[in-house]
Amino acid sequence: MNKIERVLNRDEIVVAGHRGMKYFYPENTLLSIQEALNHGVDMLEIDLNLTRDKHVVVIHDNTIDRTTNGKGYVHDMTLEELKSYDAGSYKGKQFEGLKVPTLRELCQLCEPYKELLFNVEIKERTHETVDLAFEILREFGLMERCVFTCFDASIVAYMFDSYGVKCQGFPKEYMDNFVDGENGTYSKLFAVGISMTPSETKSERRILSKEIVKEFEDMGIEPWCYCPDDDGMVEEAIACGARLMTCNNPLPALRILKEKALHPRCISAPEN
């Protein structure tokens, strides 16, 4: 049983910081990550893309248009070009000057937190991105603390079949290249991420409920949810049976779960 299994197969509910603490800080920046750690999350959810010169970087979108003062695809830029853009001021002038971090920089920041877990989502959907990311995570000794995620079931299959890692997917209607059947996509999943908000564009996408939680529990798949960011949504997630909450604002979840003695405090303070 690895670190992920020891922590997650239990009665308590785990709290993950979505892109760090994106409700308050520019997402996926080192500031957002550090603030999530300061507030006591058990897991970080991060997103990985790949630059033209093969650096794995932590940014959600395939383009920099939404979260920087530049435009263009990450995979068309060198790391130096990417670092020339401001990744903070879109959230407020007080964050001006923040940069898109590399995966290596994030691992260095998190190194003192020896119990911290990671939900690593592959956004640049290539085997190369997976291979290079795994090389860095192995270097820092983090592989057994990671669950790996992608909305592309073929990338999930590659990670599971080639590396034997723990993978998180989504209900089939959310995923590209989903494979049905006994040896299909669901057979490769350790966990499933279930949205708490309806899709604006795809009405067939199911959201968190007791029924969908039971469906995945019956398959032996951990039911996780995203993103309960206020008291009511946290209470709903608990009532539905979610085992992990990925939160843009983790403060309500951390407070309520502590009050209910449902938060395991999986991570310890950083070592000196």
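Filter region 1-54 down to residues that are in a helix (DSSP H, G or I), open to solvent by 10 Å² or more (accessible area, probe 1.4 Å), modelled with pLDDT of 95 or more and not hydrophobic (A, V, I, L, M, F, W, C), then give me how many there are.
3
Considering each residue of region 55-90, count those that are open to solvent by less than 30 Å² (accessible area, probe 1.4 Å) and closer than 18 Å to PHE24 by Cα, and give that number.
7
Got a number for residues in region 155-184 being in contact (Cβ under 8 Å) with a residue 40 or more places away in the chain and open to solvent by less than 20 Å² (accessible area, probe 1.4 Å)? Let's see the steps before the verdict.
Taking region 155-184 and keeping what is in contact (Cβ under 8 Å) with a residue 40 or more places away in the chain, we get 166, 168, 171.
So of that shortlist, the ones also open to solvent by less than 20 Å² (accessible area, probe 1.4 Å) come out as 168, 171.
Looking only at that region, the number is 2.
What residue, of THR67, THR129, THR102, is among the hydroxyl-bearing types (Ser, Thr, Tyr), farther than 14 Å from ARG19 by Cα and at pLDDT 95 or above? Quick ask: steps written out before the conclusion?
Details: THR67 fails: farther than 14 Å from ARG19 by Cα; THR102 fails: farther than 14 Å from ARG19 by Cα.
The conditions single out THR129.
Test GLU128 against the criterion of being touching a residue at least 40 places away in the same chain (Cβ under 8 Å), outside any helix (DSSP H, G or I), farther than 23 Å from MET219 by Cα and open to solvent by 50 Å² or more (accessible area, probe 1.4 Å), and give yes or no. Explain how you work it out, then say what you get.
Numbers: touching a residue at least 40 places away in the same chain (Cβ under 8 Å): yes; outside any helix (DSSP H, G or I): no; farther than 23 Å from MET219 by Cα: yes; open to solvent by 50 Å² or more (accessible area, probe 1.4 Å): yes.
Against the criterion (touching a residue at least 40 places away in the same chain (Cβ under 8 Å), outside any helix (DSSP H, G or I), farther than 23 Å from MET219 by Cα and open to solvent by 50 Å² or more (accessible area, probe 1.4 Å)), GLU128 does not qualify.
Any chance region 206-216 includes a residue that's loosely packed, with under 14 Cβ neighbours inside 10 Å and either aromatic (Phe, Trp, Tyr) or touching a Cys at 6+ places or on another chain (Cβ under 8 Å) (or both)?
Let us first name the residues in region 206-216 that are loosely packed, with under 14 Cβ neighbours inside 10 Å, namely 210-211, 214.
From what's left, either aromatic (Phe, Trp, Tyr) or touching a Cys at 6+ places or on another chain (Cβ under 8 Å) (or both): 210.
There is at least one residue in region 206-216 that is loosely packed, with under 14 Cβ neighbours inside 10 Å and either aromatic (Phe, Trp, Tyr) or touching a Cys at 6+ places or on another chain (Cβ under 8 Å) (or both).
Would you check if there is a residue in region 188-202 being open to solvent by 20 Å² or more (accessible area, probe 1.4 Å) and under 15 Å from ILE221 (Cβ atoms)?
yes
Which of the residues that make up region 131-154 are buried (at least 19 other Cβ atoms within 10 Å of the Cβ) and over 18 Å from LEU44 (Cα atoms)?
Result: ALA153, single match.
Among (1) open to solvent by 50 Å² or more (accessible area, probe 1.4 Å); (2) among the hydrophobic types (A, V, I, L, M, F, W, C); (3) assigned to a helix (DSSP H, G or I), where does LEU109 come up short?
That leaves (1) as the condition not met.
Could you list, ordered by first residue, the pairs with Cβ atoms under 7 Å in which the first is in region 85-110 and within 14 Å of GLU35 (Cβ to Cβ) and the second is among the charged types (D, E, K, R) and open to solvent by 80 Å² or more (accessible area, probe 1.4 Å), at least 6 apart or interchain?
Between residues of region 85-110 that are within 14 Å of GLU35 (Cβ to Cβ) and residues that are among the charged types (D, E, K, R) and open to solvent by 80 Å² or more (accessible area, probe 1.4 Å), the close pairs are GLY88/GLU96.
The values are calculated or read from the model by the stated rules, or taken from the named source; none is laboratory data. From a predicted model like this one, the values you see are computed outputs, not experimental measurements. Please note: Cβ atoms are built from the backbone with ideal geometry, for glycine as well, and neighbour counts cover all protein chains shown. The accessibility values were calculated without ligands, DNA or RNA, using every heavy atom of the protein model including side chains. Shrake-Rupley method; radii C 1.70, N 1.55, O 1.52, S 1.80 Å.
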